[in-house]
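Student: I'd like to ask you about the structure that follows.
The values are calculated or read from the model by the stated rules, or taken from the named source; none is laboratory data. This one's a predicted model, so the numbers in the text were calculated from it and none came from an experiment. Note that each Cβ is placed from the backbone with ideal geometry, even for glycine, and that neighbours are counted across all protein chains shown. Each accessible area value is taken on the protein alone, full model and side chains, heavy atoms only, with ligands, DNA and RNA left out. Shrake-Rupley method; radii C 1.70, N 1.55, O 1.52, S 1.80 Å.
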Amino acid sequence: MKTFASVGLGLLLSSSLMAAHADEVKIGMITTLSGGGSHLGVDVRDGFRLAIEQAGRDDIELLVQDDANRPDLARSLSNEFMQRDNVDILTGLIWSNLAMAVVPAAVRQGTFYISPNAGPSDLAGRMCHENYFNVAYQNDNLHGAMGAYMREQGYERPILLAPNYPAGTDALAGFKHLYEGEVVDEIYTQMGQTDYAAEITQIRASNADSLFFFLPGGMGISFMNQWDNSGVDLPVFGAAFSFDETIIKAVGSAAIGAMNTSLWAYDLDNEANHRFVSGFQEAYDRMPTLYAAQGYDTALLIFSALDKAHPSDQDAFREALREADFDSVRGKFRFGPNHHPIQDIHVREVVEGDDGQPTNRLVGLAVEDIQDVYAVDCQM
């Protein structure tokens, strides 16, 4: 027979467990883990998981699903996360067309979406929302910074190449915005394209003095290998998406000498970055990419907000996110009025590393405190 004391203790323990469960935060991560460009999603996931492990966060349940780079599947998974799993936060999307399929509906339903990568212009401007935050960039940023860098380096006739989807059109628009000069031509390819013979022929026939391209994931690998075999002799520029550590190792020596812009580099000298890079290498036995750094920073931002408020108190949690009270691996970090970063963009050069493999080396600053041009269209 239970005593009053034992019954009381049982009720106390039950109440404590219920309170602990109520305080737990569910995060639904939808990212690309299969098919072309899957290493981008793998790195976002692994960077996020590393941050949880290093911080010892036992108040977070991370649910991960593979969108296979399909907008319809991403939309279905987001609905499952919100309606079946009752997640507090969504994150993880790599591709801008998938973000456009998921984010507007999710934030309207009261779920926070915190982007570790995709930053389409519409979500930074006319479709901005108080529950949407981007920890990475607005899509234009890295490309605009390279436009400014190439202008300063004296290139007068660049030719531009990108896939025809939201991030591709944003990339070339961003480049031109800060290049502030005429370009020879803009070439748009298909998403997932693997044969670039026609585009390389078009570039060869142009009067360009340089090539700027944006081809993330496997598209960049295919293009660079074909470019190397083409014999076209033009200096090559891009952003980190086309020159992350995975891509340049797959391309090999053909990537050496290319210049690219990035908000992060593994050799940035700050304490948070040292901890991230060494921890990632120890945990996964590979060098992290920009995507891993963005996944890690996304987790750190969420932790900083959770230390002040639970997502169920939406106003308080939103304000805590806006404060961005965390040590970013990129150094200084703050949000603009449209919940997109105001940050420095750096220039890196692909060089031969100590192991004989290509790697990125930090060269210097391209643009300081860059703010996207779409913030003026954001009404919230």
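Student: If the requirement is being at pLDDT 95 or above and either surrounded by 24 or more Cβ atoms within 10 Å (Cβ to Cβ) or under 30 Å from Pro104 (Cα atoms) (or both), which of these qualifies: Glu130, Glu152, Glu156?
Tutor: Matching residue, one of Glu130, Glu152, Glu156: Glu130.
Student: Can you run down the residue pairs with Cβ atoms below 6 Å, 6 or more apart or on separate chains, where the first is in segment 333-356 and closer than 19 Å to Ser304 by Cβ and part of a strand (DSSP E or B) and the partner is of a type in the set (D, E, K, R) and open to solvent by 30 Å² or more (accessible area, probe 1.4 Å)?
Tutor: Phe335/Arg322; Ile342/Arg334; Ile342/Asp369
Student: Just checking: which of the helices (runs of 4 or more DSSP H) contained wholly in segment 191-308 hold 1 or more residues that are more than 22 Å from Leu33 (Cα to Cα), open to solvent by less than 40 Å² (accessible area, probe 1.4 Å) and without any contact (Cβ under 8 Å) to a residue 60 or more places away in the chain?
Tutor: Those helices (runs of 4 or more DSSP H) span 197-205, 218-230, 271-284, 290-306.
Student: Return the only residue of Leu40, Leu63 being crowded, with 23+ Cβ neighbours inside 10 Å and either hydrophobic (A, V, I, L, M, F, W, C) or assigned to a loop (DSSP other than H, G, I, E, B) (or both).
Tutor: Leu40
Student: In segment 357-380, how many are in contact (Cβ under 8 Å) with a residue 40 or more places away in the chain, open to solvent by 20 Å² or more (accessible area, probe 1.4 Å), within 20 Å of Phe175 (Cβ to Cβ) and under 20 Å from the mean Cα position of the chain (by Cα)?
Tutor: Total meeting the criteria: 3.
Student: Please go through (1) under 20 Å from Glu186 (Cβ atoms); (2) open to solvent by less than 10 Å² (accessible area, probe 1.4 Å) for Asn164 and return the number of the only condition it doesn't satisfy.
Tutor: Failed condition: (2).
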